[in-house]
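Asks: Handing you a structure now.
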Amino acid sequence: MVIGSFRSRAWRSRDDTRAMQALARARLSRDWPAARIHPGDLDWWVVQTYGRAPGMTERVRLWLGPDDELVAFAWFSPPADLDFLVGPDEPPAVVALVAEILDWAEIRHGALGGAATATAGAGAATAFGGAAPAQLRAWVAASDQAAMGGLDALGLGPEARPGLVQFTGDLTVADAWPATRLPPGLALRALSSEPDIEARVICGRAAFPASTMTAERYRTVRRAWLYRADLDLQLVAADGRVVAFALGWFDPMSGVVELEPVGVHPEWHRRGLGGHICRAVLRTARTLGARRAMVAAERTNDAALALYASLGLAITTDIVAFTRPIMEQPAITVG
């Protein structure tokens, strides 16, 4: 299909994922510190999709320019969440691309919106209690005026309920972190063995009750392009249970590391373990050359907001869902 000088097609292979990561990296550099999508997000979303229907070809679409360069991509997460990224910043091009993306997403929503699948993508990942909204929700950074303008021009507006926030910061903040000690009986180590994977998944499902992560799916994490075992850290109890974890996605070309996900077992809350594991990952990333960090959180998750602020990171953009206005139905008089 051709819109002006753009054409689109379904996702085909890992090469397409790499091209999407390159576009995310370009936007990351251009938009910093009001960042939206890190290249590591795409590796993580692929993992969340692994072994599920619908597959990548039905969830993901690419828009290409006249020289076959990637100019935009869209990721639909059933039942109703759309994440997208547009490269050009000229308003006419953005509006044209957003219109094309919305048309495609509406078709996906109609075809797949009833699918009982779990989520991939920044908007869908939180799921906000697992509710399946009837309307398509297009997620966008509030700092991305061009994309928001495109959505507005198409008749969409920001959803009333709170969305996500993005924390960012320079890793020189690590110089101000206090020295901390782990509670007795806990050890910090990188995920390295099959028992580690099983224990990590158990902890993750306790930390995030809506999670559908499995050991098989987590094994695919370790095959992702940007995955590094030395940034996949856990706090492990003497009996082998994982009680906290954090995974860092380091993109050497941009120098940015993203934390995704971070979790603490509910039985171990309020002991400072979230801060300890995050600082451990970010310190390691800094030794690898990372200069900046980012992490997203739900606007209503006070514990996560306090944790990331305690690291010296600051909120630099909101991530909001745009939807079409709900038309009020006329009252029906019976009598």
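The values are calculated or read from the model by the stated rules, or taken from the named source; none is laboratory data. All values derive from a computational prediction rather than experimental measurement. Glycine gets a Cβ as well: all are built from the backbone with ideal geometry, and neighbour counts include every protein chain shown. Quick note on the areas: whole protein, heavy atoms, side chains included, nothing else; ligands and nucleic acids left out. Shrake-Rupley method; radii C 1.70, N 1.55, O 1.52, S 1.80 Å.
Asks: Whole Å is fine, so just give me how far the alpha carbon centre of segment 38-107 lies from that of segment 155-220.
Replies: 25 Å
Asks: Using θ = phi - 60° and the Karplus form 6.51 cos²θ - 1.76 cosθ + 1.60, what ³J(HN,Hα) does each residue of segment 267-281 get, whole Hz, x for Gly and Pro?
Replies: 6, 10, 5, 6, 10, x, 6, x, x, 5, 6, 5, 5, 5, 5
Asks: Right, here's the next one. Okay, helix-only estimate at 222 nm for the chain: each DSSP H run of n ≥ 4 adds -39500 (n - 2.57), divide by all residues, round to 500 deg cm²/dmol; what do you get?
Replies: Mean residue ellipticity, 222 nm, calculated: -10500 deg cm²/dmol.
Asks: Next up: Once label points are set 7 Å from the Cα along Cα→Cβ at both Ala174 and Arg291, what is their separation, rounded to one decimal in nm?
Replies: Taking the simple label geometry, Ala174 and Arg291 are separated by 1.5 nm.
Asks: In the full protein assembly as shown, how much of Ser192 is accessible to a 1.4 Å probe, in Å² to the nearest 10?
Replies: Using a 1.4 Å probe on the heavy atoms, I get roughly 80 Å².
Asks: Go ahead and collect, in residue order, the members of segment 148-165 whose backbone nitrogen is under 19 Å from a label point 7 Å along the Cα-Cβ direction of Glu298.
Replies: Hits in segment 148-165 for Glu298 at 19 Å: 159-165.
Asks: First select every other residue whose beta carbon is under 11 angstrom from the beta carbon of Glu58; then total the charges, Lys and Arg +1, Asp and Glu -1.
Replies: +4
Asks: What does the charge count near Val71 come to, summing +1 for each Lys or Arg and -1 for each Asp or Glu among other residues with Cβ under 13 Å from its Cβ?
Replies: My count for the surroundings of Val71 gives -2.
Asks: Mind checking which of Pro78, Pro252, Pro33 has the largest fluctuation in a GNM of the chain, springs on alpha carbons under 10 Å?
Replies: Pro252
Asks: Please give the length that would be gained between Ile202 and Ala153 if that part of the chain were fully extended, namely 0.36 nm times their separation in residues minus their C-alpha to C-alpha distance (nm, one decimal).
Replies: Result: 13.2 nm gained on full extension.
Asks: Follow-up. For Ala309 and Ile107, FRET efficiency with R0 = 51 Å and r from the beta-carbon atoms, rounded to 0.05?
Replies: 0.80
Asks: Top mean-square fluctuation among Asp196, Asp81, Asp302, Gaussian network model of the chain, C-alpha springs under 10 Å?
Replies: Answer for the Gaussian network model of the chain: Asp302.
Asks: Let me ask you something else. Step through the residues of segment 88-102 one at a time and calculate ³J(HN,Hα) from phi using the Karplus curve (6.51 cos²θ - 1.76 cosθ + 1.60, θ = phi - 60°), rounding each to whole Hz and writing x for Gly and Pro.
Replies: x, 10, 6, x, x, 5, 5, 4, 4, 5, 4, 4, 5, 4, 5
Asks: If I build a Gaussian network model for the chain, linking alpha-carbon pairs within less than 10 angstrom, which residue out of Ala111, Ala146, Ala314 has the largest mean-square fluctuation?
Replies: Comparing Ala111, Ala146, Ala314 in a Gaussian network model of the chain, the most mobile one is Ala111.
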